[in-house]
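Input: a single structure, listed below in structure tokens.
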Amino acid sequence: MKTFIVGIGGVTNGGKTTLAHSLQKLLPNCSLICQDNYFKPEAEVATDDRGFKQYDVLEALEMEAMMSDILSRITQHKGTEQPQTSQEKCDPSVHFLIIEGFLLYHYKPLDEVFDQRYFLTVPYEECKRRRSTRVYDPPDPPGYFDGHVWPMYIKHKEEMNKLQNKIEFS
Ligand SMILES: Nc1ncnc2c1ncn2[C@@H]1O[C@H](COP(=O)(O)OP(=O)(O)O)[C@@H](O)[C@H]1O
Ligand SMILES: NC(=O)c1ccc[n+]([C@@H]2O[C@H](COP(=O)(O)O)[C@@H](O)[C@H]2O)c1
């Protein structure tokens, strides 16, 4: 069975997880991998001279483990077919794999697997508002959004604009 791989990247609190879960409900044969599940333990994440943990960089993530899980998911669906029912609108012989996360398009090995890439954005004020209502582990210290999260997002977005691959922005 073919696996069609969709990337839902984008800014923190941009609605990636919400969209991914909605799509998973709509599509008959769809699985999901979330980058948030691959953060390194706190002790292994670098700290800068202001005391800010450097979570918003690729080095804070176990990308090799994520990549390995993606490849296993693809292999798992190879050679499996599902019977089609008359009510199904989508082709059930395609397995959709949604990969969602805030730093999807900077990791080279992952870059080669996507069939379609999306990138969700929200304006600074709305992003900051949504982030202030969310509690991470560890929680954001005072000044973290403006001192680390947003500057890293802008940096990564600028780098992404230079990439050759087609990404749909919304
Ligand atoms: N389309 C939307 N419009 C308004 N708020 C949204 C929308 N999608 C998600 N949210 C809200 O934004 C916050 C972050 O959503 P989430 O899907 O967890 O974002 P992400 O996975 O990108 O960090 C949640 O409070 C969620 O309810
Ligand atoms: N899951 C964790 O272990 C953890 C810890 C601290 C911060 N974060 C934050 O998670 C964000 C990315 O996830 P979202 O795109 O779901 O917001 C990053 O901005 C990062 O600062 C995650």
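From its DSSP helices (H runs of at least four residues, each -39,500 (n - 2.57)), the chain gives a residue-normalised ellipticity at 222 nm of -9000 deg cm²/dmol.
Close amide-amide hydrogen proximity is noted between H95 and K2, T3, F4, each under 5 Å apart and 5 or more residues distant or on a separate chain (H modeled in the peptide plane; Pro and chain starts excluded).
Stokes-Einstein D for the chain at 25 °C, 0.890 mPa s, Kirkwood Rh over Cα pairs, in µm²/s?
Answer, rounded: 142 µm²/s.
Extension gain, V135 to A43: 0.36 nm times the residue separation minus the Cα-Cα distance gives 31.3 nm. Listed by Cβ neighbour count within 10 Å, with the fewest neighbours leading, E112, E126 appear as E112, E126.
Output the peptides 33-40, 8-15, 128-135 sorted from most to least packed, where packing is the average of other Cβ atoms within 10 Å over each peptide's residues.
8-15, 33-40, 128-135
Which entries in the list K2/K108; K53/K155; K108/K157; K2/K166; K40/K78; K128/K157 go over 19 Å, if you measure between the two C-alpha atoms of each?
Long pairs (Cα-Cα over 19 Å): K2/K108; K2/K166; K40/K78.
Counting charges near Q24 (Lys, Arg +1; Asp, Glu -1) among other residues having Cβ under 14 Å from its Cβ returns a value of +2. Inter-label distance, E62 to L163: 2.3 nm, where each label sits 7 Å from its Cα along the C-beta direction.
Read-outs throughout are calculated quantities, based only on the coordinates presented, and are distinct from any laboratory measurement. Computed from a prediction, not measured in an experiment: that's the story for all the values here. No Cβ is skipped: glycine too gets one built from the backbone with ideal geometry, and neighbour counts run over all protein chains shown.
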